[in-house]
1. At 0.36 nm per residue, and after removing the present C-alpha to C-alpha distance, how many nm does the segment from residue A:205 to residue A:178 gain when stretched out fully?
2. How much space per residue, in cubic angstrom, does the convex hull of the C-alpha atoms of the range A:172-245 take up?
3. What percent does the relative contact order of chain A come to when contacts are Cα pairs within less than 8 Å and at least six residues apart?
4. Taking only Cα atoms and a 10 Å spring cutoff, compute GNM fluctuations for chain B and point out the largest among B:51, B:15, B:69.
5. Tell me the label-point distance for the pair residue A:166, residue A:120, using the 7 Å Cα-to-Cβ offset, in nm and rounded to one decimal.
6. Between residue B:50 and residue B:82, 0.36 nm times their residue separation minus their Cα-Cα distance comes to what?
7. Just to verify a number: FRET efficiency for residue A:84 and residue A:147, C-beta to C-beta distance, R0 = 45 Å, to 0.05?
8. Relative contact order (percent) for the range A:12-105, with alpha-carbon contacts under 8 angstrom and 6 or more residues of separation?
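None of the figures in this text is laboratory data; all of them are computed from the coordinates on show. On a predicted model such as this, the values are computed, not experimentally measured, just so you know. Cβ placement follows ideal geometry from the backbone for every residue including glycine, while neighbour counts extend to all protein chains displayed.
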């Protein structure tokens, strides 16, 4: 198979670039080396996630309780949407490998068609990822953060989650957000949460069937639910801040490290998918323009294919370690 | 090279007539594995909650199934099956060795810090 580089006049010489050590062209081998290094980068991130998780093994959030939404549907559907995303990415890997196969047989129209489907699959995946992020950032039930940075959530007698906004009662002690124009001009304050801890406490007092759930995991693998007296005491003495949703500082689902790793690792992967889609689009237009037809080889499709499959490969691991394990 | 694909998977248990057919076969295999993972993840059978070598049996199953999936993606979608042995070893063993080393160090250390938090009179919940 021809190499895609222009002739250098050193073909046939061992290090001239013309011959193919390991029967693989220069471009393909370099793509493999890049993939190895990128795989090590991702392993570094995932191993760091494992490190933090082992460190807080008895209080890590349970993924099934965090990712429970599907677009356009209400209710509790853990894992379904992320399984759909996984399937979309595997499917787009399949169309990619079909494009490579069609390229081997020099069937230009088939390559165009399969590349197109691959790009669509990639876009659906990136869009789903964005939606997943949005849902995670918005949060759903809200929680109270303690002075020690732990999370207290609310549940009813049967263990179903109770939203902070449903029970919070006015505490008549509201403070407004400090702004530069009505206070110290050189001091800023972030937007205040919609509810204060006092309001949540009043709500807890008024609803005798509501209990506090801590982030500690008990022997059965569930989060510990406190008794009624303990609940009141814990919220009164330790509650500091009402948290809704997740960001890099706070996380209503549990330790904020979970949110940090989630944003960082899925974000880095999403960025890979995005750049993969961009590269795929470039190659797609090259195929349409007949560049590879003239070159007599569709090896370029094979090389971006390698990258695209690698993105899929990484997702398989992210899926396991964030959503399953 | 175009026709040099090896068309067997599962050590020759399943043989395909063409490369295209093999691709669809591998897709079906990967879909089945993902479906098994999702079903296990939703129902979490009580029998698989036993601890094996420091982790729940269910988690070991997830990790093994993931590695199986990774194998088929690399071997059949990325055509590792058709590359020469030296390239295959260069890529795969380098990555596997370094990743295992890293995972061992970090998880060992994480477990140690956890034990200090639990037994070492360090207060983190106040």
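1. So the extension gain works out to 6.8 nm.
2. Details: hull volume 9.5 nm³, N = 74.
About 129 Å³ per residue, rounded to a whole number.
3. On the way: 423 pairs, mean separation 75.5, N = 325.
RCO, chain A: 23 percent.
4. Fluctuation is largest for B:51.
5. The two pseudo-label positions are separated by 4.0 nm.
6. Values: separation 32, 0.36 × 32 = 11.52 nm, distance 4.00 nm.
Gain on extension, residue B:50 to residue B:82, equals 7.5 nm.
7. The value I calculate is 0.65.
8. Details: 26 pairs, mean separation 9.2, N = 94.
Relative CO of the range A:12-105 lands at 10 percent.
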